[in-house]
Amino acid sequence: MGDFLADWYLWTKALHVVSVISWMAGLFYLPRLFVYHVEVVGSGTPTSELFQTMERRLLRAIMTPAMVATWIFGLALVFTPGIVDWSVIWPWTKAAAVLGMTWFHHWLGLRRKDFMADRNSLSGRHYRMMNEVPTILMLVIVFSVILKF
């Protein structure tokens, strides 16, 4: 298995990067949709139904498949011989940030269900603040991987 992963390392890394970019795009955009949904659209309107459709499709058709692909290709990289040295700190900080990113993804999914049930209780300001979470986690991941600290 190790030889297979080593032979396909560059392809795996490229697919991992593409998956991460797709996932991050959704993680940045869905909270912004929630801001507009709360502040401009409100609930119980035809426009609210349109926003719910957009939010559902973004989460189910783009974000979740991208998250799964990110995890699959990321784990393939982890199991490629000679790629990750677990005796240093950077893989652990990256792993913690990826778990945080996954938690945030699921938190967004729960908020989407709140909108569907017309029981959203969070403000646009709250969603704006939460929109910074993936940025902070992304910085931790990129600096961990590139600078190896």
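What follows is calculated from the coordinates using simple rules that are stated; it is not laboratory data. Owing to the predicted nature of the structure, the values given are computational and were not obtained by experimental measurement. We place every Cβ from the backbone using ideal geometry, glycine too, and count neighbours over all the protein chains shown.
Approximating the spin labels as points 7 Å out from Cα along Cα→Cβ, the I21-to-R60 distance works out to 2.7 nm.
Sites count as exposed loop sites when they are trypsin sites (Lys or Arg not before Pro), lie in a DSSP loop, and have at most 15 other Cβ atoms within 10 angstrom; the longest stretch of the chain without one is 1-118. Any chance you could give the angle, 0 to 90 degrees and rounded to 10, that helix 9-36 forms with the longest Cα principal axis of the chain? Long axis of 9-36 versus the principal axis of the chain: about 20 degrees. Packing here is the average count of other Cβ atoms within 10 Å per residue, and on that basis the peptides 79-85, 67-73, highest first, run 67-73, 79-85. Between I72 and E39, the FRET efficiency estimated from the beta carbon spacing at R0 = 30 angstrom works out to 0.25.
Expressed in Å, the radius of gyration and Dmax of the Cα atoms of the stretch 2-147 are 17.5, 56.
For the pair K113 and V88, a Förster radius of 25 Å applied to the C-beta separation gives a FRET efficiency near 0.05, rounded to the nearest 0.05. What aspartates and glutamates could a cross-link reach from K94, if we take a straight Cα to Cα line under 20 Å and drop same-chain neighbours fewer than 8 places away? The qualifying aspartates and glutamates are D85, E132. Sorting Y29, Y127 from the fewest to the most surrounding beta carbons within 10 angstrom yields Y29, Y127.
Just need the relative contact order of the chain here, percent rounded to a whole number, with Cα pairs under 8 Å and 6+ apart.
That works out to 37 percent.
Stretching the chain fully between H106 and F79 yields a gain of 7.2 nm (0.36 nm per residue, less the alpha carbon separation).
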